[in-house]
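Here is the structure we will look at.
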Amino acid sequence: MRVTLLIGVAAAALALAACGDNPAKPGAAAPAVLLIDGSSTVYPISEALGEEFQNTSGARVTVGLSGTGGGFKKLCRGEIDIAGASRPIKAEEAKACADAGIEVIELPVALDALAVVVSPQNTFADCMTVDELKTLWQPSAQGKISNWSQVRAGFPAEPVKLFGAGTDSGTFDYFTKAINGEEGASRGDYTATEDDNVTINGVSGDADALGYLGLAYLTENAGKVKAVQIRQADGSCVGPSAATARNASYQPLSRPLFYYVSKKSADERPHVAAFIKFAFDPTHAEPLVSEVGYVPLPTAAYPLAIAKFEARRTGSFFDGGSKVGVTAEDLVADAAQK
Amino acid sequence: MSVTALGAPAETQRLVLQKKAQDLIFGTIGVLVLFVVMGLLLTLVSDLVVDGAGRITPEFLTSFPSRRAAQAGVLSAWIGTSLVMIVTAVVAVPLGVGAGLYLEEYAPKNILTDAIEINVSNLAGVPSIIYGLLALGFFVYALGMGQTILVGGLVLALLILPIVIVATREALRAVPAGLRESAYGIGANQWQVMWNYILPSARPGILTGAIVGLSRAIGETAPIITIGALTYIAFLPPSPVSASPPFVNFDWLNSPFTVMPIQMFNWVSRPQAAFHENAAATGVLLLGMTLLMNGFAIYLRYRLRRTVRT
């Protein structure tokens, strides 16, 4: 009795699925599927590009959310065609790829800026230097730097509450490298979260709080939090925005986001090459990347990226390390000239 | 004697009053706790409904995920969840009930079965991510099954197996001993007793266990993400029924998929507020799916109870 009922339910659900399937299936043969996985930071870009590519080309696109490290693992096992990454490939990841016989092509897909944010009620922290941020965030600050007045003479003697990225995220890696000088080196006594909305909520209502997050979260919550400008080498104060990230004047917290394409996929699967041509065509890429809250590459960088891909230039500009202040032109120009 | 006779009514009355007061206090605390718990649940659910109700439209159910929050939908997610739950139910319920039956009715009581018993109870408390890692290593890589609906269903089946086994055993234990003895008394053999008497009267309890397990499985994200389920997928698994022979196929078991909790997880951490509404709407739908599943089980239980009585 129970078994027959279960089968009945199964059949009903299958029939439902079948009904839904018919309109979505134009041809009889299964179309090629482009497999993208990796960083959750890059995910919205892949989703937007994939959605449009699927609409125009008929190829199917799937995007996963395994994180940057998980994406590299899958790429090097040959399970996916493209891995999205919010940081450059590490030496040991590159080695794992090489051992498996998979070569990867490194392409910057968009730019992002990390914004240091405070509450709109905060009236004193308008412009801060990297050193001041380092005072606040470096590992030795743990348990010692707990007051705004310790960061700069003249700041109020109020306790400072910190919000930041969880240690698994590329945002954390980049922020610690850019501010503290060493990737992964950070004080631990702050509210760590993988979801930047938590930082928004924590900072917005608290005049003593400070946090860092991706530019898209700042843009979407313009009234709730306020960006702190960063004092540049020439003494000027620059705030995070699409424009300052794109012209590389917002340093050192502008960072590139990457696509790592498997050379094998690029050679053997024509729709992978077609997707890269689509994704690095500025007429598609610029509006789509902007729409999801990221910063498109400088227009001149797109043809260079395509050229790098066409030449199948493999390997990483970063040689397994992480560099700060690298522009998109560096990444593509370097390879195109080599 | 006369002293106790005189003192007794007052003493009794005092005791009765004291016990009544204790009853009242306990009752009040109970009601208070109930209100707190229900209030919490109600607040959570109504918050979800207030945020998400506006987004629950037919289009939301028939659209694929999209970068535009207003056009995004959960079609691939709810179909994925339904298919995965079918695999989970088909695998976990027969296996779990079978294992429970064997352990309770057939297995000899020795060190081995004791060890199995302890392990089954402990398995129920293992974090779900561990099952995800097991499935990734075993199903996906060792057996080379890939990131498919079948693997998703299997990992959730493993996850809820201990729940189903324990519930089955509890249900079997609750069958009155008299029923069993009477059946043996009129000459039935073990199979006949089991199939015709014990199982039917334990069925409602077993069903409750199965539904508790499935309700847990439907909300799981971690093991499904671990095995490599997708987030953006804008096509559906191949149709399981076709117009040409052999009419049914099982290709859908091997297709990539996404599930409702993954969509929710993805949307909740996006910067745009419109995606947060989508996440809330997905949450409401997921609650609805769970409720539907529970409702179906309650109906089934009700029907089965009637058959047992007659």
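A compact table of results
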item: Subset of the range B:56-74 (residues that are closer than 16 Å to B:Leu287 by Cα, surrounded by fewer than 24 Cβ atoms within 10 Å (Cβ to Cβ) and in contact with a Phe, Trp or Tyr (Cβ under 8 Å, 6 or more places away or on another chain)); result: B:Leu61
item: 3 or more residues in contact (Cβ under 8 Å) with a residue 60 or more places away in the chain and within 14 Å of A:Phe53 (Cα to Cα): qualifying helices (runs of 4 or more DSSP H) within the range A:256-305; result: A:270-279, A:282-291
item: Answer residue from the range A:134-193, given it is among the aromatic types (Phe, Trp, Tyr) and out of contact with any helix residue (DSSP H, G or I) (no Cβ under 6 Å at 6 or more places or on another chain) and is farthest from A:Leu65 (Cα to Cα) among those; result: A:Trp148
item: Elements of type strands (runs of 3 or more DSSP E) contained in the range A:138-228, each with 1 or more residues being touching a residue at least 60 places away in the same chain (Cβ under 8 Å); result: A:209-214
item: Flag if B:Gly52 is more than 14 Å from every other protein chain (Cβ to nearest Cβ), under 30 Å from A:Phe53 (Cβ atoms) and assigned to a helix (DSSP H, G or I); result: yes
item: Neighbours by Cβ (under 6 Å, 6+ apart or cross-chain): first from the range B:112-129, outside the structural domain of B:Gly219 (by TED's automatic domain parsing); second surrounded by 13 or more Cβ atoms within 10 Å (Cβ to Cβ); result: none
item: Criterion (among the β-branched types (Val, Ile, Thr), more than 9 Å from every other protein chain (Cβ to nearest Cβ) and within 27 Å of the chain's Cα centre (by Cα)) met by exactly one of B:Val74, B:Val90; result: B:Val74
item: Filtered residue count, the range A:112-135, keeping only those that are crowded, with 21+ Cβ neighbours inside 10 Å and assigned to a helix (DSSP H, G or I); result: 1
item: B:Tyr131, sole failed condition from (1) farther than 30 Å from A:Glu52 by Cβ; (2) buried (at least 23 other Cβ atoms within 10 Å of the Cβ); (3) within 13 Å of chain A (Cβ to nearest Cβ); result: (3)
item: Members of the range B:275-310 found to be over 30 Å from B:Ile206 (Cβ atoms) and either within 11 Å of chain A (Cβ to nearest Cβ) or crowded, with 20+ Cβ neighbours inside 10 Å (or both), listed by number; result: B:Phe275, B:His276, B:Asn278, B:Ala279, B:Ala280, B:Ala281, B:Thr282
item: Top-ranked residue of the range B:235-248 - restricted to ones that are surrounded by fewer than 23 Cβ atoms within 10 Å (Cβ to Cβ) and at the interface with chain A (Cβ under 9 Å from one of its Cβ atoms), ranked as modelled with the highest pLDDT; result: B:Phe235
item: Any hit, the range A:132-144, residues being aromatic (Phe, Trp, Tyr) and in contact with a Leu (Cβ under 9 Å, 6 or more places away or on another chain); result: yes
item: Residue tally, condition among the hydroxyl-bearing types (Ser, Thr, Tyr) and over 30 Å from B:Gly213 (Cα atoms), over the range B:168-190; result: 2
item: Check on A:Ser140, under 23 Å from A:Cys237 (Cβ atoms) and not assigned by TED's automatic domain parsing to the domain that holds A:Ile89; result: no
item: In the range B:249-274, the residues that are over 23 Å from B:Thr290 (Cβ atoms), facing another protein chain (nearest Cβ under 8 Å) and surrounded by fewer than 19 Cβ atoms within 10 Å (Cβ to Cβ); result: B:Ala273
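Yes/no per residue for (1) within 23 Å of the chain's Cα centre (by Cα); (2) surrounded by fewer than 17 Cβ atoms within 10 Å (Cβ to Cβ):
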| position | (1), (2) |
| --- | --- |
| A:Pro156 | no, yes |
| A:Val160 | no, no |
| A:Thr176 | yes, no |
| A:Asn197 | yes, no |
| A:Asn221 | yes, no |
| A:Lys226 | yes, no |
| A:Ser241 | yes, no |
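The values are calculated or read from the model by the stated rules, or taken from the named source; none is laboratory data. Nothing here was measured: the structure is a model prediction, and the numbers come from that model. Note that each Cβ is placed from the backbone with ideal geometry, even for glycine, and that neighbours are counted across all protein chains shown.
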